[in-house]
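The values are calculated or read from the model by the stated rules, or taken from the named source; none is laboratory data. Keep in mind the model is a prediction, meaning the values are calculated, not measured. Methodologically, a virtual Cβ is constructed for each residue, glycine included, from the backbone with ideal geometry; neighbour enumeration extends over all protein chains shown.
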Amino acid sequence: MIHVGLTGNIASGKSTVAQLLVAHGAELVDADVLARHAVRVGTPGLAAIVERWGPDVLAPDGTLDRASLRSRVFGDEAELEALNAIVHPAVAQLREQEVAAARARGARVLVSDIPLLFERGLAHEFDCIVLVDAPREVRLERLVHDRGLRAPEAMAMIAAQMPAELKRARADFVVDNVGTREELAAKVAATWEALLAEERKLTRERPRARSLTPRVGAL
């Protein structure tokens, strides 16, 4: 099995690429889904959040009020790090369980969709990394017109992430999402074939150490 880290800055189209890879046959572990599971009612994660920020971050039904919590941590680096310190270890544990289960099922390609893969220092956990990218101005337009955000809020969200240029230099494959859905699908199909080639290579080489082919650049 090849374990692929899929990442991309906000509004790059990463989720669309993830679903296209699933359509080709990949299995998917979504970090956002795991993060929600990590703070479900009755979990240590939710209890720690309430202890830190108080019961006002809970909805009337006892679930986490994400908007309320976001208002407390967004823009405050110390508060955001405190939240990450609660959620990320739980998410990592859940991801390890998903990876082990996929290996046991005999999965060929497992994709972990992780928005902050590079920011959280997780690159070493994967056999290869796929970055989805789009120009900054394109991502800004998507946030404003497609998601209904105000321009200052959208710009702040973009600025809060690691610049795409730094991520491109560290990725094994780059999918540039600047055209039509059909063009994106073609690029993902090419990436899928490259991932299958890497999986075959890893299968032949194991248990020797990982040795990827050189980064192919933008597809």
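On inspection, VAL130 qualifies as closer than 18 Å to SER15 by Cα, of a type in the set (A, V, I, L, M, F, W, C) and under 19 Å from the mean Cα position of the chain (by Cα).
Listed by first and then second residue, the pairs with beta-carbon distance under 6 Å, at least 6 apart or on different chains, first residue in the stretch 132-158 and closer than 21 Å to ALA185 by Cα, second in a helix (DSSP H, G or I) and charged (D, E, K, R), are VAL132/LYS14. The set of residues in the stretch 1-31 being within 11 Å of the chain's Cα centre (by Cα), in a strand (DSSP E or B) and charged (D, E, K, R) consists of ASP30 alone.
Being within 26 Å of ALA123 (Cα to Cα) and in a loop (DSSP other than H, G, I, E, B) is a property that ALA90 lacks. Quick check on the stretch 167-184. Is at least one of its residues among the basic types (Lys, Arg), modelled with pLDDT of 95 or more, within 24 Å of ALA92 (Cβ to Cβ) and under 19 Å from the mean Cα position of the chain (by Cα)? Taking every residue of the stretch 167-184 in turn, at least one turns out to be among the basic types (Lys, Arg), modelled with pLDDT of 95 or more, within 24 Å of ALA92 (Cβ to Cβ) and under 19 Å from the mean Cα position of the chain (by Cα).
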